[in-house]
1. Of the residues 271, 249, 227, 283, only one is among the small types (Gly, Ala, Ser), within 20 Å of residue 334 (Cβ to Cβ) and surrounded by fewer than 24 Cβ atoms within 10 Å (Cβ to Cβ); which?
2. With the structure loaded, tell me whether residue 279 is of a type in the set (Ser, Thr, Tyr), out of contact with any helix residue (DSSP H, G or I) (no Cβ under 9 Å at 6 or more places or on another chain) and in contact (Cβ under 8 Å) with a residue 24 or more places away in the chain or whether it fails that test.
3. Got at least one residue in region 394-404 being at pLDDT below 85 and over 14 Å from the mean Cα position of the chain (by Cα)?
4. Scan 80, 44, 100 and give me the residue that is in a loop (DSSP other than H, G, I, E, B), on the phi < 0 side of the Ramachandran plot and among the β-branched types (Val, Ile, Thr).
5. For region 332-352, which residues satisfy the criterion of being touching an Asp or Glu at 6+ places or on another chain (Cβ under 9 Å) and not β-branched (Val, Ile, Thr)?
6. What are the pairs with Cβ atoms under 9 angstrom where one residue, in region 103-123, is under 18 Å from residue 163 (Cβ atoms) and the other, located anywhere, is surrounded by fewer than 16 Cβ atoms within 10 Å (Cβ to Cβ) and of a type in the set (S, T, N, Q)? Sequence gap at least six, or different chains.
7. Looking at region 303-330, which of its residues are loosely packed, with under 12 Cβ neighbours inside 10 Å and over 16 Å from residue 350 (Cα atoms)?
8. Among the residues of region 376-388, is any free of Cβ contacts under 8 Å to residues at least 40 places away in the same chain, touching a Pro at 6+ places or on another chain (Cβ under 8 Å) and among the polar types (S, T, N, Q)?
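The values are calculated or read from the model by the stated rules, or taken from the named source; none is laboratory data. All values derive from a computational prediction rather than experimental measurement. All Cβ positions, even for glycine, are placed from backbone atoms using ideal geometry, and neighbour counts span all protein chains on display.
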Amino acid sequence: MIAAENSLDRMDVLVVGGGIAGITAAVEAAEAGCRVLLVEQEPTLGGRVARMHQYFPKMCPPSCGLEINYRRIRQNPAITVLTMARVVSVAGATGDYAVTVQIAPRYVTDACTMCGKCVEVCPAERADEFNYGLARTRAVYLPHAFAFPPRYAIDRQACAAGCQACRAACAYGAIDLQQQPRTLAVRVSSIVAATGWAPYDASKIDNLGWGRCANVITNVVMERLAATGGPTGGRIVRPSDGAVPASVAFVQCAGSRDENHLPYCSAVCCAASLKQAHYVREACPDAKVRIFYIDVRTGGRLEALYTRMAADPAVEMVKGKVAKVAEDPETRDVLIEVESVMESVTRRERVGLLVLATGLVPQTRGLPPGFSLDEFGFIAQPGDLTGLYGAGCVRRPADVAAVVQDATGAALRALQCATRSARHG
């Protein structure tokens, strides 16, 4: 359900963030009897998970899990979804929070059938944020094939002045270029913050070549290269020339476990690189793969993923910290210098493509007041009587399965708070 008024009836739970943690918290709380408002700042739900090619360790596409949850949202009238929205103020106390939400104009109404005629006539382009700038879209765009809500959006900043080609082309009257921002007021009993994570800024890691070497990319970019719906149609290629690399290397702990960057372990990077090594072996069967690591951390069920990839004769595991990365100016190959611990030598390697396993940074900017953060910037989980709960990677680094479990726990705590508030209200 999409809110159309300037205020809503009282809701039990506000969920801030529409990634897998927020979606899970919303559907679990709603199916337990709560009225839920789900607020997401992007035009679509799905968050970082929607940008992945496959989950580990089963190697299945995230569209499966997302589509199931989208259906649960569509079928549950207790969930109100606001996209392109953000919480701008929170007042009150446990059990009775007054929340103000600001909603940006989408310029496309729910009359949209996704026929695509508006895109065909749109003359303007914009950077494709979903694909980390690897491609471009029209100013009228669908964020991705499995976008929810399934509706185009318009980036008015990318539009030419006075252009109304999209409106003229729409046979359904779904383009409203006069839309204005609006503000929504709502009262809630509890708030779940599920604002997620962002990859660590690789430009801050001077010695690893990102931004200096054309064929140094990050792990999130690798996900989009491998994705069949990505900018290359699933072809893993070098940015410099579009060629299939003859060799690919992964640098673990790129910014993580480093007092100059992120002092903590980001938990998922080792398994993610092993998964991406699997991508390379499937897409580029002749390519050699090297993984440079400090320690391989694949606890529990993920140990089988490590065992399988380490047994591949085309995958070499090298224990050692990469000291320096440079570029061959003629071939654009990446030149790596690494201290190999097991061999007690300095190795100098040449690879066609280098992938930096950058860490997870919690996204806490704009959190409602009352949430406390730990020394690393993650939400510190308060006692159950506060009415404010963190869920997912904004609380601690975790893989998708652990995030779903954590978000389910947050939904339970929010439900308990709402129930107590109803009893004493």
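1. One residue alone meets the criteria, 283.
2. no
3. no
4. Working: 80 fails: in a loop (DSSP other than H, G, I, E, B); 100 fails: in a loop (DSSP other than H, G, I, E, B).
Matching residue, one of 80, 44, 100: 44.
5. Of everything in region 332-352, those that are touching an Asp or Glu at 6+ places or on another chain (Cβ under 9 Å) and not β-branched (Val, Ile, Thr) turn out to be 332, 333, 335, 337, 347, 348, 349, 350, 352.
6. Note: pairs meeting the criteria are 105/178; 105/180; 107/178.
7. 304, 307, 311, 313
8. No, region 376-388 contains no residue that is free of Cβ contacts under 8 Å to residues at least 40 places away in the same chain, touching a Pro at 6+ places or on another chain (Cβ under 8 Å) and among the polar types (S, T, N, Q).
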